[in-house]
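Just below is one structure, and these are the notes that go with it.
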Amino acid sequence: MRVNPFAMLAVVAADWPRLGPLLAPGAHQELRALLVDVRIALRTHAPDVRDHEGAGHGAADRAVRAVLAALPDAEAARLRGVGGPGRFVGTSPSAVHQGFDALDLCMLVIDDNPMVGPLLGPVRERLLRAPASSPQGPGPVDPRLIVLTRENGERQLPTFQFETGTMPWEVVLEVADVLHPERDPWGAADWWLSANAWTGTAPAGLLGQGRDPELLGAARTLTVTGGEW
C-alpha cells in the first residue's frame, strides 16, 4: 500500500495549534521551505490533474518526514496511527482530514494564515472574493492597509480601501489605528466587508458618503465594549 503524504499533512494541519509548538527548534524554518516546494508543485498543475500521482508527491513526502523527525517520539507515533493503518493510503493531493488539506498547512506555516479548515476557510474565500488588486512589487505595503493572502501565497489588497488609484481613504487609515490590520488583516477585512449593527450595513459601502465619523466611531466601539468583528 502506498502511503499518501498529502493525507498526513492534512492531519498535521488539523492539529497544528497543538503540534506546531512541539516541533524541535529550527524545524519550522525547514518545514516552511519544504512546504513552499509542495505549494509550487501543486500550483503548477491544472486543477483537473492535481490528483495525479507525482504532483508534489516527493515534496510532500519530504515535508512529512521532517515533521515526524521534529516531533517528540510519542507524538510522531500517535500521528502515524491517526485514523488506523489504512488512513494514509493513496496518492491524491486533495486528501482531507476533518476538513483540512495539505494546502491548509502551507497557509498556516508559510503565511501564518489562520483562515483555514472547514470553519474559517469559507470566511477566507468570501473575503477574497471582494474586488482586489495586487501590491506593486514584492516589498512591504503600508501596514495600515489590509493585505490578504490567497491559497497559492499571492497577496491582494481589497480595493475598497482606495479613494482613487493607490491613494487610500483617510478614514481607512484612521480605522487601521483601531483594528490593526498589520496584526489581524482577516478580522479587519471582515469588519469592513460584513454587515454591521452600528452602521446598518457593511462599513466599506459607506466610504465616500460623508459618514467618516460614524465609521470611526463604529470601529472604536470594539475597543470600548471588547466586542469582536
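Numbers for the structure displayed
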{"quantity": "Stokes-Einstein translational diffusion, region 94-226 - Kirkwood Rh over all Cα pairs, 1.567 mPa s, 4 °C, in µm²/s", "calculated": "83 µm²/s"}
{"quantity": "Phi to ³J(HN,Hα) by Karplus 6.51 cos²θ - 1.76 cosθ + 1.60 over region 158-175, Hz, x for Gly, Pro", "calculated": "x, 6, 4, 6, 10, 6, 7, x, 9, 8, x, 4, 4, 5, 4, 5, 5, 5"}
{"quantity": "Whole-Å semi-axes of the ellipsoid equivalent to region 148-197 (Cα gyration tensor, √5λ, descending)", "calculated": "18, 15, 11"}
{"quantity": "Estimated vicinal HN-Hα couplings, Hz - region 23-37 in sequence order (Karplus 6.51, -1.76, 1.60; Gly, Pro = x)", "calculated": "5, 4, x, x, 6, 4, 5, 5, 5, 4, 5, 5, 6, 4, 5"}
{"quantity": "Cβ-Cβ FRET estimate between LEU120 and VAL82, R0 fixed at 25 Å, reported to 0.05", "calculated": "0.70"}
{"quantity": "Convex hull per residue volume in Å³, alpha carbons only, for region 87-137", "calculated": "107 Å³"}
{"quantity": "Estimated FRET transfer efficiency when R0 is 30 angstrom, pair ARG155-SER194 (beta carbons, to 0.05)", "calculated": "0.90"}
{"quantity": "Length added when fully stretched, ALA74-LEU222, from 0.36 nm per residue minus Cα-Cα", "calculated": "49.0 nm"}
{"quantity": "Residue among VAL171, PRO185, LEU216 farthest towards the positive dipole end of region 161-229, charges placed on Cβ", "calculated": "LEU216"}
{"quantity": "Relative contact order (%) - criterion: Cα under 8 Å, at least six apart; region: the chain", "calculated": "18 percent"}
{"quantity": "Binned Cα-Cα distance frequencies in the chain - 10 Å width, integer %", "calculated": "7, 29, 28, 19, 13, 3, 0"}
{"quantity": "Note, ³J(HN,Hα) from phi for region 92-98, Karplus 6.51, -1.76, 1.60, rounded to Hz, x at Gly and Pro", "calculated": "5, x, 8, 4, 10, 10, 6"}
{"quantity": "Amide proton proximity set for ALA132, modelled H, under 5 Å, gap of 5+", "calculated": "THR159"}
{"quantity": "Estimated FRET transfer efficiency (GLU214, SER133; beta-carbon r; R0 30 Å; 0.05)", "calculated": "0.70"}
{"quantity": "Length added when fully stretched, PHE162-GLU182, from 0.36 nm per residue minus Cα-Cα", "calculated": "5.5 nm"}
{"quantity": "Within the chain, helix-based [θ] at 222 nm, where runs of 4 or more DSSP H residues each add -39,500 (n - 2.57), nearest 500", "calculated": "-14000 deg cm²/dmol"}
{"quantity": "Candidates LEU31, LEU145, LEU206: whichever shows maximal mean-square fluctuation once the chain is modelled as a Gaussian network with Cα springs under 10 Å", "calculated": "LEU206"}
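We did not get these values from a lab; they are worked out from the coordinates using the rules stated. Here the structure is a predicted model, which means the values were calculated and not measured. Here the Cβ is made from the backbone with ideal geometry for all residues, glycine too, and neighbour counts use every protein chain on show.
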